Amino acid sequence: MAIALAESFEVAAALEDVWRFMLDPRSVAACLPGATMEEALDDRTFRGSVKLRVGAISASYRGQVRLVRVDERAREVEMVAEGREPGGGSAHGTVSSRLRARPGGGTEVQTEASIDLSGRIVQLGRGMIEGVARQ
């Protein structure tokens with residue numbers, strides 16, 4: 001099941017601080033319930049896991065995240081994540097984020113994600129999965 005998401009939100013922090021945060025998958029993972037970064041394989045590849053609960057079904061994926069594009073000048077970053085569930089399901093996704101300074105010192109974050117899921121979790125349907133993903 002393919003899912004596409006686009007979100008925009010403002011962070012009450014300076015652009016440079018948010019940029020450094022976005023380049024550290026460990027920091028980003030700490031903001032995602034159920035996600036942990038376990039190991040840095042190199043300066044752009046990280047191994048970790050994520051546990052999801054959607055309705056009555058839970059899933060656990062182990063895999064890696066790679067920073068595939070980092071544009072310092074434009075303040076844009078793209079990450080690719082892929083993981084496998086012990087029961088045979090899989091998840092693959094791309095997340096692109098763009099940062100823009102806001103008047104008053106805040107930072108606007110625009111994020112687009114494309115996620116492809118397989119396994120037990122897709123039984124729940126797109127609407128329920130998208131609702132949980134937006135949280």
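The values are calculated or read from the model by the stated rules, or taken from the named source; none is laboratory data. In this text, all values refer to a predicted model and were calculated from it rather than measured experimentally. Heads up, the Cβs are rebuilt from the backbone with ideal geometry, glycines too, and the neighbour counts pull from every protein chain shown. With ligands, DNA and RNA removed, areas are computed over all heavy atoms of the protein, side chains included. Shrake-Rupley method; radii C 1.70, N 1.55, O 1.52, S 1.80 Å.
Structural remarks
- In the stretch 44-55, the residue that is farthest from residue 84 (Cα to Cα) out of those that are in a strand (DSSP E or B) and among the small types (Gly, Ala, Ser) is 48.
- Residues of the stretch 28-43 classified as outside any loop (DSSP other than H, G, I, E, B) and open to solvent by 40 Å² or more (accessible area, probe 1.4 Å), total: 6
- Residue, nearest to the chain's Cα centre (by Cα), within the stretch 44-63, restricted to residues that are surrounded by 17 or more Cβ atoms within 10 Å (Cβ to Cβ) and within 30 Å of residue 14 (Cβ to Cβ): 50
- Residue selected from the stretch 95-135 under the condition at pLDDT below 75, closer than 26 Å to residue 64 by Cβ and under 17 Å from the mean Cα position of the chain (by Cα), by the criterion surrounded by the most Cβ atoms within 10 Å (Cβ to Cβ): 129
- Test: residue in the stretch 59-68 that is closer than 18 Å to residue 118 by Cβ, of a type outside the set (Lys, Arg), in contact with a helix residue (DSSP H, G or I) (Cβ under 9 Å, 6 or more places away or on another chain) and outside any helix (DSSP H, G or I): yes
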